[in-house]
Structure formats: C-alpha cells, structure tokens
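The structure appears below as structure tokens.
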Amino acid sequence: MDAYQIIKKPILTEKSYAGIPLKKYTFSVDVKATKTQIKKAVEELFSVKVDKVNTINVAGKYKRQGRNEGYTSKYKKAFVTLKEGEKAIAFFEGLL
C-alpha cells in the first residue's frame, strides 16, 4: 500500500488538539493498515521519526433520517507519538 492510501486525513478534535504540544497526532487511516505500515507512512510523508503508534477501530454509528436508517462508515484511528527531540509536524503547528 502507498503511504497516501494508508494515511487518509488528520483528525482535528478538542482531544487531538491537546496532544499536539506533546507531539501526539491523530490520523484516520485505512482499515487494513497495520501499526508498522502506519509508522512507515508517517515517517515518509512528514520526514519525522515515530516512537510509537496506537490504533483503535471505530464502529459506525446508527443514524436515522426520516424513515431511512443505517450505519455510518467504520474507520480506523491512529495515535502517532514522535520520538523525543524530533521536530514537530508543520501542518499541526500552524493550528495552534
């Protein structure tokens, strides 16, 4: 898998903003991606060294609109921590 296929988009929530000063970043990733693939993709895309990767599978939520009902799409969330002394990712630094 290509690095651009593994990392789909950053997740920008209040909880993820709290991790930016600690160099912990949150991404939405491909459901089939492993931790080692995510680590290599982040290192390739942002030119940084990754210390650890934690992942969680997020189930789709049940939604209704009128008489139509169903579930939203499931996705995988990755929490990436950079190594000590590593420079921050420029995209997230512009958000603070």
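General remarks:
- Residue match in region 47-69 (condition: charged (D, E, K, R), open to solvent by 60 Å² or more (accessible area, probe 1.4 Å), in contact (Cβ under 8 Å) with a residue 40 or more places away in the chain and on the phi < 0 side of the Ramachandran plot): no
- Odd one out for Glu93 among (1) open to solvent by 100 Å² or more (accessible area, probe 1.4 Å); (2) in contact (Cβ under 8 Å) with a residue 60 or more places away in the chain; (3) among the charged types (D, E, K, R): (1)
- Inter-residue pairs, beta-carbon under 6 Å, first closer than 17 Å to Lys77 by Cβ and in region 1-12, second among the hydroxyl-bearing types (Ser, Thr, Tyr), 6+ apart: Lys8/Ser28; Lys9/Ser28; Ile11/Thr26; Ile11/Ser28
- Scanning region 32-49 for residues that are assigned to a helix (DSSP H, G or I), under 14 Å from Phe79 (Cα atoms) and aliphatic (A, V, I, L, M) returns Ile38, Ala41, Val42.
- Every condition in (1) open to solvent by less than 70 Å² (accessible area, probe 1.4 Å); (2) closer than 16 Å to Gly19 by Cα; (3) modelled with pLDDT of 95 or more; (4) not basic (Lys, Arg) holds for Ala88 except the one numbered (3).
- In region 6-46, residue farthest from Lys87 (Cα to Cα) [restricted to those that are exposed (fewer than 11 other Cβ atoms within 10 Å of the Cβ) and more than 13 Å from the chain's Cα centre (by Cα)]: Lys32
- Which numbered condition Phe79 fails, given (1) open to solvent by less than 40 Å² (accessible area, probe 1.4 Å); (2) under 19 Å from Leu95 (Cβ atoms); (3) modelled with pLDDT of 95 or more: (1)
The values are calculated or read from the model by the stated rules, or taken from the named source; none is laboratory data. Just so it is clear, the structure is predicted and the values come from calculations on it, not from any experiment. FYI the Cβ positions are ideal-geometry reconstructions off the backbone, even for glycines, and counts take in every protein chain you see. Just the protein is used for accessible areas: all its heavy atoms, side chains included, with ligands, DNA and RNA removed. Shrake-Rupley method; radii C 1.70, N 1.55, O 1.52, S 1.80 Å.
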